[in-house]
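To keep things clear, I will list the structure first and then write my remarks on it.
The values are calculated or read from the model by the stated rules, or taken from the named source; none is laboratory data. Everything quoted here is computed from the prediction, not taken from an experiment. Positions of Cβ are generated from backbone atoms using ideal geometry, with glycine treated the same way; all protein chains shown enter the neighbour counts.
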């Protein structure tokens, strides 16, 4: 249990670091887009790159919020309950999040189908022909890279969310306060 809690903490710090870097990238890409459009020399790939960076940033931040306990929540019901019942309700919410994360992990595993890809000798063309799953064949419109590289955020989010939610279920809610954690992520 201690190992899982530590792994969740390290993972959350890495997610926040990556999300921070991606937020800078989004800002830089949007600024580049404004400058190039003003000069009449638009770079069409910049929009797609900025959107992709923002999506990765959002998923990484959402996953880290599970560790830090900073997810958006409505506390009207827990606030109206006694402390003991509110703790039980909180544990049930943690379990529900874990169930969601596990289902999401299973769905992304089915979608990416690494076993089917291995059976097709890691040939994207053979894989698509045998499974009618074109996840590895589609390319982005302007960047021209395979879309699965961008869609990898889904299994990354599923794995990380499962780790964070399992740590929360086994160890209880995070003891760190969100403000002190985000202000000083030692």
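Could you check how many residues of region 30-53 are touching a residue at least 24 places away in the same chain (Cβ under 8 Å) and either surrounded by fewer than 17 Cβ atoms within 10 Å (Cβ to Cβ) or not in a helix (DSSP H, G or I) (or both)?
Of the residues in region 30-53, 3 are touching a residue at least 24 places away in the same chain (Cβ under 8 Å) and either surrounded by fewer than 17 Cβ atoms within 10 Å (Cβ to Cβ) or not in a helix (DSSP H, G or I) (or both).
Being at pLDDT 85 or above and loosely packed, with under 10 Cβ neighbours inside 10 Å is the filter; apply it to region 54-82 and report the residue that is nearest to the chain's Cα centre (by Cα).
So the residue we want is 80.
Go through the residues of region 97-120 one by one and say whether even a single one is touching a residue at least 24 places away in the same chain (Cβ under 8 Å), under 30 Å from residue 4 (Cα atoms) and over 19 Å from the mean Cα position of the chain (by Cα).
No: region 97-120 contains no residue that is touching a residue at least 24 places away in the same chain (Cβ under 8 Å), under 30 Å from residue 4 (Cα atoms) and over 19 Å from the mean Cα position of the chain (by Cα).
So if I check each of 29, 11, 60, which one is in contact with a helix residue (DSSP H, G or I) (Cβ under 7 Å, 6 or more places away or on another chain) and closer than 20 Å to residue 141 by Cβ?
29
Go through the residues of region 9-29 one by one and say whether even a single one is surrounded by 14 or more Cβ atoms within 10 Å (Cβ to Cβ) and outside any helix (DSSP H, G or I).
No, region 9-29 has no match at all.
Quick one: how many residues across region 121-142 are without any contact (Cβ under 8 Å) to a residue 24 or more places away in the chain and either in a helix (DSSP H, G or I) or surrounded by 15 or more Cβ atoms within 10 Å (Cβ to Cβ) (or both)?
Residues flagged as without any contact (Cβ under 8 Å) to a residue 24 or more places away in the chain and either in a helix (DSSP H, G or I) or surrounded by 15 or more Cβ atoms within 10 Å (Cβ to Cβ) (or both) within region 121-142 amount to 10.
All but one of (1) at pLDDT below 95; (2) out of contact with any helix residue (DSSP H, G or I) (no Cβ under 9 Å at 6 or more places or on another chain) hold for residue 42; which doesn't?
So residue 42 meets the others, but not (2).
Output the qualifying pairs, or none if there are none: Cβ atoms under 6 angstrom, residues six or more apart or on different chains, first residue in region 63-81 and farther than 15 Å from residue 7 by Cβ, second residue buried (at least 18 other Cβ atoms within 10 Å of the Cβ).
69/174; 71/65
Checking the structure you have, find out if any residue of region 143-160 is over 22 Å from the mean Cα position of the chain (by Cα), loosely packed, with under 14 Cβ neighbours inside 10 Å and either modelled with pLDDT of 95 or more or within 24 Å of residue 48 (Cβ to Cβ) (or both).
Yes, some residue in region 143-160 is over 22 Å from the mean Cα position of the chain (by Cα), loosely packed, with under 14 Cβ neighbours inside 10 Å and either modelled with pLDDT of 95 or more or within 24 Å of residue 48 (Cβ to Cβ) (or both).
From the list 115, 95, which one is part of a helix (DSSP H, G or I) and under 25 Å from residue 168 (Cβ atoms)?
Among 115, 95, only 95 is part of a helix (DSSP H, G or I) and under 25 Å from residue 168 (Cβ atoms).
Take the conditions touching a helix residue (DSSP H, G or I) at 6+ places or on another chain (Cβ under 7 Å) and part of a loop (DSSP other than H, G, I, E, B) and apply them to residue 70. Does it pass?
Judged against the criteria, residue 70 is a match.
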